[in-house]
Amino acid sequence: HIPTKYKLTKLLGRGSYGVVCAGINLETQEKVAIKKVFRLFRERTETKRLLREIRLLRFFEHDNIIKIKDLLNPVKLKNLEELYIVTDLMDSDL
C-alpha cells in the first residue's frame, strides 16, 4: 500500500519489526529503501524504539547516516498498525 510514485525493485531483508525493500522514486529517479513496520503498537518498548529511530534519523545530517525521505501514512485507520519509512538507499549496512 505505497503511493504510485514509488516502485519496489528488490527485497533487501526481513526482521522482527518488518521488511525492507529497495525501490525507486519515479518522480525524481532517486533510489530509496522502504521499510514496512508491522504491528506498530504491539509492545510499548518497541514503539518507543521506533519513535526514537525516527527522531534520530530526522535529526542527524551526515553523509554516512541515512536520511528519512518520507513517512507514509496508512491508507485506512484500521491499518494504523503499519508504517512505511522511506529512506536513502545505502550500498551496505552495519
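No value in this document is a laboratory result; all are computed from the given coordinates. Every value quoted in this text rests on a predicted model; they were computed, and no experiment measured them. All Cβ positions, even for glycine, are placed from backbone atoms using ideal geometry, and neighbour counts span all protein chains on display.
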Determine which single condition Thr45 fails, assuming it passes every other condition in (1) touching a residue at least 24 places away in the same chain (Cβ under 8 Å); (2) among the polar types (S, T, N, Q); (3) not in a strand (DSSP E or B). (1)
When the stretch 11-33 is checked residue by residue, the ones that are among the basic types (Lys, Arg) and out of contact with any Gly (no Cβ under 8 Å at 6 or more places or on another chain) are Arg14
Complete set of residues in the stretch 21-60 that are charged (D, E, K, R) and buried (at least 16 other Cβ atoms within 10 Å of the Cβ): Lys35, Lys36
So Thr4, is it surrounded by 10 or more Cβ atoms within 10 Å (Cβ to Cβ) and polar (S, T, N, Q): no
Some residue of the stretch 49-67 being part of a loop (DSSP other than H, G, I, E, B), of a type in the set (Val, Ile, Thr) and farther than 19 Å from Ile2 by Cβ: yes
